[in-house]
Each structure stands twice: as C-alpha cells, then as structure tokens.
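The values are calculated or read from the model by the stated rules, or taken from the named source; none is laboratory data. For clarity, every value in this text was computed on a predicted model and none was experimentally measured. All Cβ positions, even for glycine, are placed from backbone atoms using ideal geometry, and neighbour counts span all protein chains on display.
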Amino acid sequence: MTANNKEHQWEFITLAAAAMLMITMGARQSLGLFVAPINTTTGLGVVTISFAMAVNQFVWGAVQPFTGAVADRYGAGRVLAAGVLIFALSSALTPQVITSFGLVLTVGLLSAIGSGAVSFSVLIGAVTRRIPAKHRGTAAGVINAGSSFGQFVFAPLLQALISGWVGWARCGRWRSSH
C-alpha cells in the first residue's frame, strides 16, 4: 500500500462506521412509527408498546459502557458482529411475538442490546484507535452524523413501507384473532 493510500485509509474506515451507525440508529430512532401498527395488529395496547420502547431507551444507554469495555478487552470486531446479530434477531422475532413479555424481550432488550453494541462508544473508539490523531475529530463527527442521517433516511422509508408497500410485519404474520 502506498503512503498516499495509507493516508486516506481513515476515510474508508470512518465511512464504514458511519454507515453502520446510520443503519442501527436509523432503525432504532424510527421505532415510534411502529406504535400504531403494532397496536392495531396485536391489540397489546399503547401502554405495553410504550413500555417496551422505554425499556429499549434505558437498556440502550446502560449497555454502551459494557459493550465498550468488552470491545476494549476482546476487540471491537467481535462486539460489532455480536451486536449486528442480536439486532437482526430482534428484528426477525418482533413481528412473531404475541405477548407483552415477548415485545419487551424483543424490542426492549434484544434490540437495545444489539443497537447498543453497534453504537457510538464502540464505533468511535474502534475508528479513532486506527487513524492518525489529526483526523480523529473529523472522524468522530462524521460517524456521529451517520446517526442523524440514519433517521433522515429510515423514517420516510419505513413510513412508506408501513403505510402501503409491505405493512409493518410483512402483511399478515399476525393471527387474525388479535
């Protein structure tokens, strides 16, 4: 690798981290769009759904120092991979749940643990350790902006999908008795 390529390697790493944060935070910050559709299809009630989302907020914040410490000890790659898998599992299981406990488990815990593992503390820490000091501030800002850009992209996209193209849970996984 030439010196010029190595000098610009930080840009690719930074954009990759920003893209990861864009996806996890875009999906996480758009959870509110799902309250009415989940309530309509499950009958679980706005209180239960809101409680699951409140648990999500708390767990997401609480898990970040721990995932950061685990990343420092065992490597950010492992933590990020585990976070992506847990977040994907939550996304796959949520349309299948039919109980309050199931919703709190998938939306409140699994989603928060997964998105917390693929969040600011791990991503910014991993990137800033691998790039020149003169680019660390810019990299942290770009990664952080990935979060806001995720909401900008995901909110209208998810609303369009929920409203008509595929429904919130891919149309009809819920039993008609709900």
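Scanning region 99-141 for residues that are aliphatic (A, V, I, L, M), touching a residue at least 60 places away in the same chain (Cβ under 8 Å) and surrounded by fewer than 20 Cβ atoms within 10 Å (Cβ to Cβ) returns a single hit, Ile131. If you filter region 1-23 down to residues that are part of a helix (DSSP H, G or I) and modelled with pLDDT under 90, you find that the one that is nearest to Ser119 (Cα to Cα) is Trp10.
Out of all the residues in region 85-98, which are surrounded by fewer than 18 Cβ atoms within 10 Å (Cβ to Cβ) and without any contact (Cβ under 8 Å) to a residue 40 or more places away in the chain? Scanning region 85-98 gives Leu85, Ala88, Leu89, Ala92, Leu93. Of Leu103, Leu80, all but one fail to be at pLDDT 95 or above and closer than 12 Å to Ala117 by Cβ; the exception is Leu80.
Taking the criterion of being within 16 Å of Asn39 (Cβ to Cβ) and either of a type in the set (Asp, Glu) or in a helix (DSSP H, G or I) (or both), the residues of region 96-107 that qualify are Ser100, Gly102, Leu103, Val104, Thr106, Val107.
Remark: pairs (first residue in region 154-165, under 18 Å from Ala19 (Cβ atoms); second residue surrounded by 15 or more Cβ atoms within 10 Å (Cβ to Cβ); Cβ separation under 6 Å; 6+ apart in sequence or on different chains) = Phe154/Gly26; Phe154/Ala27; Phe154/Ser30; Ala155/Ser30; Leu158/Ser30; Leu158/Leu33. Checked across region 154-172, the condition of being charged (D, E, K, R) and over 30 Å from Thr40 (Cα atoms) holds for no residue.
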